[in-house]
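Participant: Have a look at this one before I ask anything.
The values are calculated or read from the model by the stated rules, or taken from the named source; none is laboratory data. The structure presented is a predicted model; accordingly, all values stated were derived computationally and were not measured. Here Cβ is always computed from backbone atoms with ideal geometry, including for glycine, and neighbour counts include all displayed protein chains.
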Amino acid sequence: MMIARRLLIAVVAAQALSLALYAADPYPPPGQAAADLQHAREHAKASGKLLMVIFGANWCPDCRALHEKLGESPIREYVTKRFEVVSINIGEKDANLDIARNLGVTLSKGIPAAGFFTPEGKPVGFTNHGELEPARNYNAQQVLTFLRNVAEEHLIEKPR
């Protein structure tokens, strides 16, 4: 009985910690973007996973919605298995724009916007036509299908 109770307490604590982490700002300070990107590139190459570089901002409801969806099961498990993810903060649309441009990601159709790359760094595709911009309107299945299309077909199209 005591072991079951401790296990239940541990599970509840883990869930609370998970919720707290996802409630925090999903985009780190803009100044650490270059280091975070380099770290993610190294991890993608070492793991053999695709690199997903998401550009957004903490003030953006669609960016926060996408981040929340990426943390939901079964999306979380799929992303963990197939992608290395790095979030790049664009501040008030005045930070890290050079990184987006250098990667080939266009932000003119809204954020969040993402670029996807092979483990070796070759482009797979970009959401340069605003495919992720209305993220708060997408359900979990739409996001999962979008990610499966990217990972398995190298296809970028608006979630339906």
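Participant: Considering only residues that are closer than 16 Å to Cys63 by Cβ, of a type in the set (A, V, I, L, M, F, W, C) and loosely packed, with under 15 Cβ neighbours inside 10 Å, which ones fall in the stretch 102-156?
Facilitator: none
Participant: Residue by residue through the stretch 78-101, note down the ones that are buried (at least 16 other Cβ atoms within 10 Å of the Cβ) and either among the polar types (S, T, N, Q) or at pLDDT below 95 (or both).
Facilitator: Those that are buried (at least 16 other Cβ atoms within 10 Å of the Cβ) and either among the polar types (S, T, N, Q) or at pLDDT below 95 (or both): Ser87, Asn89, Asn96.
Participant: Output the residue which, of all residues in the stretch 31-56 that are within 18 Å of Phe126 (Cβ to Cβ) and of a type in the set (Gly, Ala, Ser), is surrounded by the most Cβ atoms within 10 Å (Cβ to Cβ).
Facilitator: That would be Gly56.
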